[in-house]
């Protein structure tokens, strides 16, 4: 019965993930044409800073639920309420700091209206995160999927409404995008308060030590993901941020595919690790990795056509950013294989240190190369940092003596193959017929590979069901 629940939860999560990413994918061409290049850049700059401020303001307290749901099973609502109040207190202090001095507005390259919206979102959004996590633990994925889809659809509808009402399209898109999440988060905040239960200092003593390493990990990861856009806006212009962000929208699709694949693979990996089936992991991970790399290469090859659909001809110059960006996605995919092992072994401190060091390296490299080479440099610096993370996570797993779970030679081969196609894509962008020929060869090779490895792939699915 429990296995059936897990399987259904995986299916619901995967379907809802694709629906959400699909809504984002289908509306991107619309908003990229309604908003000017500068306005599109401002919106993406806002989203980048929101991700950073949310990590600081929320203290990532929702991350503690992964253990607290067991340790405080009968007091979970009190635990959640206490940590919501703690996060809100920190966010209010952060709000006073951000609004008290024009320095922050100049640093963010955003006006104070945007910063106010950012702070309100940060204040209440943890309630949404905690509710979603609790429902996921209980395998109530229908509620999670429904809430997520309602949020995504209302985000689009409210954005159109405010763009129609307001003259400032960038501000309208920001307000329309945040109002639905704020309203839902406020309702869920009230839901936790109404359920009763008093706060206890022991809950804070429990959550803070657990979350401190995770805060640094998430903040560093967010800076690594977002600093390029914020620095491009500061050093270059909002227009360049728009070009860069449009290229990232293509990588966003690739990331959605990885998320869906990882939903099935990660629990399967945990079961195999628990049973010490290391050879089974090594055998089945090869087709899993190969499929993702092949999909990523296809997106590299046809970047100009995908960009034309998403943003139109005015964004076509961003095609040269896509190969390094997607190559970076491949490195993220590969190092996540090792991160899954680290999480299973409860070794998160090393993870936080590695991410922090890499994020600092990324900021340093961006400050050196963006002024010299423009926004394209940010794609390559981020790609290099993700490669460094891959090496660091391999070293961490090597020190745990768990590196034998994957074939190191095969991982190296995938890095080389994807790197070759990354360069090849750049060289073939002006030759559509040549790219089609390469795609046909890849497609044929993929079908043959899938046929040869169908038993391994089915083995993963059977073990999940």
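The values are calculated or read from the model by the stated rules, or taken from the named source; none is laboratory data. This one's a predicted model, so the numbers in the text were calculated from it and none came from an experiment. Every residue, glycine as well, gets a Cβ built from its backbone with ideal geometry; the counts of neighbours run over all protein chains shown.
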**Prompt:** Picking from 185, 238, 221, which residue would you name as being surrounded by 19 or more Cβ atoms within 10 Å (Cβ to Cβ), within 15 Å of residue 376 (Cα to Cα) and touching a residue at least 24 places away in the same chain (Cβ under 8 Å)?
**Reply:** 238
**Request:** Only one of these is free of Cβ contacts under 8 Å to residues at least 24 places away in the same chain and touching a helix residue (DSSP H, G or I) at 6+ places or on another chain (Cβ under 8 Å): 326, 341, 316, 291. Name it.
**Result:** 316
**Prompt:** Can residue 53 be described as closer than 30 Å to residue 212 by Cβ, in the same structural domain as residue 127 (by TED's automatic domain parsing), at pLDDT 80 or above and part of a helix (DSSP H, G or I)?
**Reply:** yes
**Complete:** Going through (1) closer than 30 Å to residue 169 by Cα; (2) in a helix (DSSP H, G or I); (3) under 27 Å from the mean Cα position of the chain (by Cα) one by one, residue 103 fails only at (3)
**Message:** Scan region 78-93 and tell me whether some residue there is out of contact with any strand residue (DSSP E or B) (no Cβ under 9 Å at 6 or more places or on another chain), over 20 Å from residue 203 (Cα atoms) and either at pLDDT 85 or above or assigned by TED's automatic domain parsing to the domain that holds residue 155 (or both).
**Reply:** yes
**Prompt:** Considering 365, 396, which residue is in contact (Cβ under 8 Å) with a residue 12 or more places away in the chain, assigned by TED's automatic domain parsing to the domain that holds residue 323 and more than 28 Å from residue 240 (Cα to Cα)?
**Reply:** 396
**Within region 56-97, tally of residues that are in a helix (DSSP H, G or I), under 26 Å from the mean Cα position of the chain (by Cα) and buried (at least 21 other Cβ atoms within 10 Å of the Cβ)** = 13
**Message:** When you scan region 190-200, do you find a residue that is without any contact (Cβ under 8 Å) to a residue 40 or more places away in the chain, under 23 Å from the mean Cα position of the chain (by Cα) and in the same structural domain as residue 49 (by TED's automatic domain parsing), even just one?
**Reply:** no
**Asked** If you go through region 302-314 one residue at a time, how many are in a helix (DSSP H, G or I) and under 23 Å from the mean Cα position of the chain (by Cα)?
**Response** 6
